[in-house]
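Structure first, commentary second.
The values are calculated or read from the model by the stated rules, or taken from the named source; none is laboratory data. Because the structure is a prediction, the values reported are computed rather than measured. In this analysis, Cβ positions are derived from the backbone assuming ideal geometry, glycine residues included, and neighbour counts consider all displayed protein chains. Side chains included, ligands, DNA and RNA excluded: accessible areas come from the protein's heavy atoms. Shrake-Rupley method; radii C 1.70, N 1.55, O 1.52, S 1.80 Å.
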Amino acid sequence: MFFYCGIFLSNNSANGNDRVCFFFSFFQLNLLRSASYCVTRQISLTRVSRLSNPKNRHDDFKSCVCDSVNVTAGELLLLCDGCFILTRCVFDVPDSSCFLLCVCVDIHTEAVQAALAKHKQEKMALPMPTKRRSTYVQSPINTRTPPDSSSGSEDESSARRQSSVAAPPPSHLQSPETWANRSAQGSSTSSSASSTLSHDGKMFEEVQFCPCVSESRCLRRRFHPPPPGCSSAGVPVNSRVSTKIQQLLNTLKRPKRPPLSEFFTDDSEEIVEVPEPDPNTPKPEGRQIIPVKGEPLGVVSNWPPALQAALARWGATQGKSPALTALDITGKPLYTLTYGKLWSRSVKLAYTLLNKLGTKNEQILKPGDRVALVYPNSDPGMFWVAFYGCLLAEVIPVPIEVPLSRKDAGISQVGFLLGSCGVGLALTSEICLKGLPKTPTGEIMQYKGWPRLKWVITDSKYLTKPSKDWQPHIPTANTDPAYIEYKASKEGTVVGVAVSKVAMLTHCQALTQACNYCEGETLVNVLDFKKEMGLWHGVLTAVMNRIHTISVPYAVMKACPLSWVQRVHIHKARVALVKCRDLHWAMMAHRDQRDTSLASLRMLIVADGANPWSVSSCDAFLNVFQSHGLKPEVICPCATSPEAMTVAIRRPGVPGAPLPARAILSMGGLSHGVIRVNTEDKNSALTVQDVGHVMPGALMCIVRPDGPPQLCKTDEIGEIIINSRAGGTMYYGLPGLTKNTFEVIPVNANGVPIGEIPFVRSGLLGFVGPGSLIFVVGKIEGLLMVSGRRHNADDLVATALAVEPVKTVYRGRIAVFSVTVFYDERVVIVAEQRPDASEEDSFQWMSRVLQAIDSIHQVGLYCLALVPANTLPKTPLGGIHISDTKQFFLDGSLHPCNILMCPHTCVTNLPKPRQKQPVGVGPASVMVGNLVAGKRIAQAAGRDLGMIEDQDLVRKHQYLTEALQWRAQTDPDHVLYVLLNAKGVTVGTATCVQLHKRAEKIAAALMEKGSINTGENVVLLYPPGIDLIAAFYGCLYAGCVPVNVRPPHPQNLAATLPTVRMIIDVSRTACILTTQNLMRTLRSKEAAASVNIKTWPTIIDTDDLPRRRPPQIYKPPTAEMIAYLDFSVSTTGMLTGVKISHAAVSALCRSIKLQCELYSSRQIAICLDPYCGLGFVLWCLASVYSGHQSILIPPFELESCLSLWLSTLSQYRIRDTFCSYSVMELCTKGLGTQTELLKARGVNLSCVRSCVVIAEERPRLALSHSFSKLFKDLGLSSRAVSTAFGSRVNLAVCLQGTTGPDPCTVYVDMKSLRHDRVRLVERGAPQSLPLMESGKILPGVRVIIVNPETRGPLGDSHLGEIWVNSPHNASGYYTIYGEESLQADHFNTKLSFGDPQTLWARTGYLGFVKRTELLDASGDRHDALFVVGSLDETLELRGLRYHPTDIETSVSRAHRSIAESAVFTWTNLLVVVSELCGSEQDALDLVPLITNVVLEEHHLIVGVVVIVDPGVIPINSRGEKQRMHLRDSFLADQLDPIYVAYNM
């Protein structure tokens, strides 16, 4: 069977659109009558002809064959592995049929337009992100450096995982002496390449069928099982070993510390929702591929035995022949280096390196040492001399890029390369050395991660001319390393690929044969001459064939993109080395030059012709320059990698011959790793061009890219592996990586090796097409594995570029990579935005890119970010440094100016939402089930209060007023209160009698001035101090009910005064007691702007009262009378006032006295706000009851002196102190760096026995630990810090006292907690949450954990609401805006079963009880209460219960610039508000980091991310966030955010 395939480009469509037509013609099919073939149909992106009836399809095909016209129906065809692949339809073909098949597809841009048209009717309801105009100020365009618009897939970082092993030198190589003495006449490059690759049927027959069955046999290798009686490790099983010795050996083998996976199992299977496998997923159906062999490497008599010998020959015989022409910045020739000068200078450098470095007795360099070559891209001549000088000196050159600064992209990784190669010497030019960054002393700066280098200048004036009898030693090429080429991996690691001398020479021979190089040709090189194609063709092969190379630097290309075309025209160059970006630049600038001619070119080598956009670039360039003499057959794409070197290259064609074939592949098939021609979705097609045939003398296979190197099937995409002498040999200094890349043995489907020949991984993904043509569809390093499907980064870039990018982003400045978020890879696209692009244009472009990629590639983008121009890290030749860009993204240092997150569309593996089952089981059954399961009912109690307390004191002084009178009589001069200012100076004291007399004067004033009746409410409006305490007892003396209210802030009346007014109105206050200053504030003009000051109740100034006593001191008739009202704003924004009776006050004071062992001789320090809750009790009530002295420190004084509280503890030798979390946080943040200074001042906290944090929330474990650790050096005991817990219904449930066990910490599983279950785990376990005990339960208090829905008691493994029964429970709500029904529900509720008689109060907080191993004072095991969070604040998302503080803790860890954060829900969306403490430039960096961390740790998708200024999140006096106030401000658009991102 003989067949022929070809392609041509037509422009004859009806609508004028370009179409690429593929013709496969079959000649003389000498087959049986029933031979089976598959058929194609014509594809159009605008119109598709379908036939549903298979019979009609069959008939139409027959008619098409007979009439020899285009086939418009049937199934598609793709040719592969010498036969056909993807046989979908079977038809009978008559003998000797001759027919024509055509496949037509529109260009990629039309596919994008069609995909976008599909979404045109679906207008996005998503609001645009909002941004402050002051956030990003674009600098003027004329002050910017024009950004590089090079290709986005800049090939400075080539593929991973490639392989080859060097062979011994070929037997036909002659000795250097014999070869050098031969006369050099005629061309040295006469080869059989052109005859071998002539386009006739014989060639195809030879190429296709050379990997025959007999060859596959020779590649097989038998697998010999181990002999019987031996283990797999080769140790005899039956050998007798002492048991103790065997145990010792097992112990030594066992690691001392097991890895983390042995402690904790990965529970991803329980979390991740695994989608059901799609039965329609395409799978490979072909047979196993057969290795493809290139044509034999020709043997030419005058090929040199070593590359140095070729240079010696040309230097001696063709000394005036030009070797290299370098250009200046304007594109004009700067100098020309002849072969004679190149040889002489290289010899001088070799002599200098071997003889003139170091002392005579000890040379620095020896043959085999590695030397770094540091030369700029603009100075190829110096690099050529240095490279060949090293070869002649038999040292190994390691070319690297010039380090411009310590912040260069990947600079530390280059240091890893130099270290792994053992480089200690660097060669450079004098000009380059002067330009290197230096220290103030003038030394070369030491770069991060670099070894210390000795720099040597290689300019001619610094070199020594060798003596006449010295000649460099030129051995025959062997397997020793010749040079090391650097390669950057996908992760950014830079490694060195060692190329042996024989591999270097063989590669030059193979390129000479494949490219048909001739002696004396001219070559224009636009590529980097230090690596890959630029080095192989422009430096090595050029010298071997005496080619004149014209090097066009990257800087010249930036200034004049058409410069390489001009050089081809001027020098009549025969060969040009370019990339797709150079074709694009030249095409865009061709209007400037109309008289250029490219007719002299016989070969235009496209180095990145394997990229998906290379087809359009080559075609567009051909369309433009075909009128300038460019011939279609000269365009030669190739496939290369640093490890395998040149894999395949298209041979230069014969004029007039048809072009090779192209493949139109289905994106869906490619994503599953199989080859399918586009059959259904006309938009998702990828057109790829071939990269020619395998290199001469090479053997190629396709293996699966992951797992064992198993041979692929004929219709399967895999990694190309090569066996050739012309390839890399190893990663220098990295034997482990070398084995996995350079020593690959392919295996068949059974896992049996097919032979013993080692292959090299090329890192290229592709397949074998018709006529053994190689097609490359991507690179391993650009592979993105998303939800089990493969997507190529270059394909995504091509789609993004097709969405009208010119107005918004720079072409070629686009980076595509993936990040691992929530057990899967997520696609991220980052592009540089043009300075003149508006925000609306950018948002529209991003939206269109999302739609196009979703439609064409069927993959959702996770993040699309636009950054300012010239901000992405660059590779040396202007491409984007992908690994550094990815790291910037993950570190939050990318600084985008626009960002769009789409987690809702691309995160598809979230666990299913929890479906709450209806309660079908009675509560009693639940209790019985708990008991059967061995779970105790979750309840705990404090000590019995009545059995221990002094009954005499209880009987005599039921009321605090009586206690104060008794103390004023019995111990009048005992100081109860000491008030300190910011300087630590006592500004007020109150003895028992002073406080009593002060209270009498206030009571008299209330009766006289206020005309207050018994039981009326009086507001106390005072700053923290003794006046507040006196006013409270004055109200009790007068029979009034005091209502303590925080005074308004004089600098923020508009925000604080309305709250004061609200409490006054709600409590129906009859009178206000305050100071003169505050009275003036209430009646000021500023206050009138916020409230109606004319309707204030009676205001009494208590600063200067007459010395009068009330007629009598009021005594309540019963202890159940209300003592005072406690008003507070909850974290949910609800203002609540609770009634506290005299009995509750006495019981609470008794519990605190007993728990903390408070007596008259004791001193405590209080740094709390005294306006509500337990803070008010400790500030005003406890000292009067217990008689201890309270040192009062107003928290606002710490703003002036941070160390006031700690200094007071040290000065007064305080054993017990009480504070709030806001005070502790202020000290931790403000005094963190001043511990040594405090120590020098004599601050000593070793006296502190108990430091109790008063709060109505979950204990902040991290803050408590930070505080203890920070002030440990000042003597603070780690056991001292503890917490208390109270609520609205009971002001003090828990309080860590002086006796009993220390507060314990447990670790619970967060996943179970979201299901209202409590499962204890070990510290450090995944998804573990540390919780600290909320203090010891107070005497007289009972708690039980209750299901808030069924109101039945729960077991200790459940999370439920904390109910409390105590004599100091509040009597009820004073008012909650008419919701009196909550009175009975919260204060007088009963269990639905178990103990239905006891009255409980509902705290509104979720928690659990755990019995610990610790013992309390009575010797019983301690029951610990753990508070998890407020029930009203929990977030019900996806059927699970989330606590805001857990999400906020994760968010605060996401980035260093996040000061504080708060979360709430809005229309079933999670909203995260974060305060930015850094530069506004960091604002948009926080959006992806916040989204990532919430998704990873809590399995939730953030709907809205709001970045605000510090201090925007409202926090109450207890340091608790007011999330509902924040939500209201967000909905009312009152936050003035820096940026609001709406995640799609």
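Key figures for this structure:
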read-out	value
Kirkwood-type radius of segment 1034-1162, with distances r between different C-alpha atoms, in Å	17.1 Å
Over 30 Å (Cα to Cα) - which of Lys1009/Lys1521; Lys320/Lys434; Lys348/Lys454; Lys366/Lys739 fall in this group	Lys1009/Lys1521; Lys320/Lys434
Computed magnitude of the charge dipole of segment 1034-1187 (debye, nearest 20; Cβ of K, R +1, Cβ of D, E -1)	320 debye
Cβ-defined net charge surrounding Gly1429, 10 Å radius [Lys, Arg +1; Asp, Glu -1]	-2
Whether segment 522-638 is rounded, prolate or oblate, judged on the alpha carbon gyration tensor where a/c under 1.5 counts as rounded	rounded
Coil-residue trypsin sites (Lys or Arg not before Pro) of segment 1083-1174, DSSP, other Cβ within 10 Å capped at 15	Arg1083, Arg1107, Arg1108
Calculated FRET value between Asp328 and Tyr462, using beta carbons and R₀ = 30 Å, to 0.05	0.85
Using a Förster distance of 41 Å, the FRET efficiency for Gln1076-Lys1115 (Cβ separation, nearest 0.05)	0.80
Taking segment 1007-1117 and dividing mean pair separation by its residue count, relative contact order in percent (alpha carbons under 8 Å, at least six apart)	32 percent
Sequence-separation-based contact order of segment 1057-1215, relative, with Cα cut under 8 Å and 6+ spacing, percent	15 percent
Nitroxide proxy distance, nm - points 7 Å out along Cα→Cβ at Ser627 and Val752	6.3 nm
Most to least packed among 1470-1482, 971-983 [average Cβ atoms within 10 Å]	1470-1482, 971-983
Greater than 18 Å apart at Cα, pairs in Lys461/Lys530; Lys487/Lys874; Lys572/Lys631; Lys631/Lys779	Lys461/Lys530; Lys631/Lys779
Low-density loop cleavage sites - trypsin sites (Lys or Arg not before Pro) in segment 1407-1462, where at most 13 other Cβ are within 10 Å (DSSP)	Arg1456
With every protein chain in place, segment 1003-1106: carbon and sulfur % of accessible area (1.4 Å)	50 percent
DSSP-loop chymotrypsin sites (Phe, Trp or Tyr not before Pro) across segment 1134-1193, with at most 12 other Cβ within 10 angstrom	Tyr1159
Sequence ranges 695-704, 464-473, ranked by mean other-Cβ count within 10 angstrom, highest first	695-704, 464-473
Nitroxide proxy distance, nm - points 7 Å out along Cα→Cβ at Asp841 and Ser1479	2.6 nm
Total formal charge among the other residues, if their Cβ is under 12 angstrom from that of Val371, Lys/Arg +1 and Asp/Glu -1	+1
Full-stretch length increase - Arg1319, Ala1459 - with 0.36 nm per residue and alpha-carbon distance subtracted	47.2 nm
Highest-first arrangement of 595-604, 374-383, where packing means the average Cβ count within 10 Å	374-383, 595-604
Square roots of five times the Cα gyration tensor eigenvalues for segment 1456-1544, Å	18, 16, 13
Cα-only Debye scattering, segment 394-551: base-10 log of I(q)/I(0) at q = 0.11, 0.19 Å⁻¹	-0.57, -1.37
Accessible area of Glu1120 in the full protein assembly, 1.4 Å probe (Å², nearest 10)	130 Å²
Local electrostatic count, Leu1231, Cβ distance below 14 Å [Lys/Arg +1, Asp/Glu -1]	+1
Simple label model, 7 Å out from Cα along Cβ direction - Asp1432 to His1049, nm	2.2 nm
Computed FRET value (nearest 0.05) for Ser1160 with Arg1279, which takes r as the C-beta separation and R₀ as 30 Å	0.70
Extension gain, Arg1213 back to Trp455 (0.36 nm per residue minus Cα-Cα distance, nm)	266.4 nm
